Amino acid sequence: MKILFGPINSRRFGRSLGIDLSPSKKQCNFDCVYCELEAQKPQEKQDEIVSVEEIILEVQGALEKNVPFDFLTLTANGEPSLYPHLDELISSLRKIAKDKKLLILSNGTVVLDQDKFNTLLKLDVVKFSLDSAISKTFYRIDRALKNINLEKMIEKMAEFKTQFKGDLVMEILVVKDLNDNEEEFIALNQALAKIAPLRVDLSTIDRPPAYAVKKISEERLLELSKLITSTPVLLPKRH
């Protein structure tokens, strides 16, 4: 069970030391068609939980070795905000992280839980995913738990941005024949105008997906990026 991984040179966030909040298995409230982890029914809560003490001990070990990195990145085999001790963990990391920035890579559903919404305000950088602003497509791509309301989530993301002192970054992953059209991108552009993030990272599938879905070409990605006019767009590349 590996809690820490890296540091890796992230395409978007510099040198990053990852903290996996679900190291033993996939635990997520989505079952995205493009996920590199195998298909699995989405779940509301984690049922295998690593302790805060265990995580802090590993991070302290990395800090004592003077491993060079810029970001401590909260991520998971699944959705990191399902971790039940998130507030305690972030407070504990703040005490030991010194000059390191704290980042979470979340699917965005965390904003629907007011306590966790407040917890995320303590971070330096927050990354939310938004693969579609149209409910039907959102459920087709992200295969989310049915109690997750997309419109409410977009509203709460916008509210989060008004309160957050750090950097809010959005991410859209484009899947061929699902969200790679003009209608989708007009709706996404309107949602991003409400949320007003620092930027949006736009990409397509680059790892073998859980379901039989395909990526789009770099040329098409560039064309679609031009339909996003409400916020700066970054097209991250592996090289």
At 222 nm, what value in deg cm²/dmol follows for the chain if DSSP H runs of at least 4 each add -39500 (n - 2.57) and the sum is divided by all its residues, to the nearest 500? -9500 deg cm²/dmol
Positive end of the charge dipole of region 166-216 (Lys, Arg +1 and Asp, Glu -1 on Cβ, about the Cα centre): tell me which of Ala193, Asn179, Thr204 has its Cα farthest that way. Thr204
Could you give each residue of region 101-115 its phi-based ³J(HN,Hα) in whole Hz, using Karplus coefficients 6.51, -1.76, 1.60 with θ = phi - 60°, and x for Gly or Pro? 8, 9, 10, 10, 10, 10, 7, x, 5, 4, 5, 7, 10, 4, 5
Under the Cβ-under-4.7 Å rule, which cysteines of the chain stay unpaired? Cys28
A correct Karplus calculation of ³J(HN,Hα) over region 25-35, with 6.51 cos²θ - 1.76 cosθ + 1.60, θ = phi - 60°, whole Hz and x for Gly and Pro, returns 6, 6, 9, 8, 8, 10, 9, 4, 4, 9, 4
Tell me which of Leu145, Leu222, Asn77 sits at the most positive position along the dipole axis of the chain, charges placed on C-beta atoms (Lys, Arg +1; Asp, Glu -1). Leu222
Rounded to 10°, Cα long-axis angle of helix 86-97 versus longest principal axis of the chain: 60
Can you list residues from other chains, or at least 5 along the same chain, whose modelled amide H is less than 5 Å from the amide H of Glu79? Gln27, Cys28, Asn29
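With the other protein chains left in place, how much accessible area per residue, in square angstrom, belongs to region 149-239 at a 1.4 angstrom probe?
Accessible area per residue: 54 Å².
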At 7 Å along the Cα-to-beta-carbon direction for both Ser24 and Glu219, put a label point, then send me their distance in nm to one decimal. 5.0
Sorted by chain and number, the residues with a modelled amide H under 5 Å from that of Leu145, at a separation of 5 or more or across chains, are none
Can you give me the distance in nm between label points at Ala212 and Lys136, each placed 7 Å from the Cα along the Cα-to-Cβ direction? 2.3
Quick one: how many lysine pairs in region 19-98 have C-alpha atoms under 16 angstrom apart, if they're 8 or more apart or on different chains? 5
Which whole-Hz couplings ³J(HN,Hα) result when phi for each residue of region 37-50 is put into the Karplus expression 6.51 cos²θ - 1.76 cosθ + 1.60, θ = phi - 60°, listed in order with x for Gly and Pro? 7, 5, 4, 7, 4, x, 10, 7, 9, 6, 10, 10, 10, 8
Once Asp113 and Gln163 are pulled to full extension, the length gained, defined as 0.36 nm per residue separation minus their Cα-Cα distance, is 16.5 nm
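Report the gain in length on full extension from Lys65 to Leu145: 0.36 nm times residue separation, minus Cα-Cα distance, nm rounded to one decimal. Intermediate results must be reported in sequence, preceding the final value.
Details: separation 80, 0.36 × 80 = 28.80 nm, distance 4.11 nm.
Taking Lys65 through Leu145 to full extension adds about 24.7 nm, to one decimal.
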Please report, in debye to the nearest 20, how large the charge dipole of the chain is about its Cα centre when each Lys and Arg carries +1 at its beta carbon and each Asp and Glu carries -1 there. 400
Amide H partners (placed H, <5 Å) of Leu234, local residues excluded: Val200, Asp201, Leu202
Would you give the gap between the C-alpha center of region 1-43 and the C-alpha center of region 104-143, rounded to a whole Å? 15
As an exercise, use a Förster radius of 35 Å and the Cβ-Cβ distance of Lys226 and Leu121 to find the FRET efficiency, rounded to the nearest 0.05. 0.60
Carbon/sulfur fraction of accessible area - the chain, other protein chains in place, 1.4 Å, %: 50
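Of all DSSP beta bridges located in the chain, what percent are antiparallel, nearest 5? It would help to have the intermediate numbers written out before the result.
Working: 5 of 32 bridges.
Roughly 15 percent of the DSSP beta bridges within the chain come out antiparallel.
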Give the calculated FRET efficiency between Leu57 and Lys237 to the nearest 0.05, with a Förster radius of 22 Å applied to their Cβ-Cβ distance. 0.05
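The values are calculated or read from the model by the stated rules, or taken from the named source; none is laboratory data. Given the structure is predicted, the values throughout are model-derived calculations rather than measurements. Glycine gets a Cβ as well: all are built from the backbone with ideal geometry, and neighbour counts include every protein chain shown. Heavy atoms of the whole protein, side chains included, go into the accessibility calculation; ligands, DNA and RNA do not. Shrake-Rupley method; radii C 1.70, N 1.55, O 1.52, S 1.80 Å.
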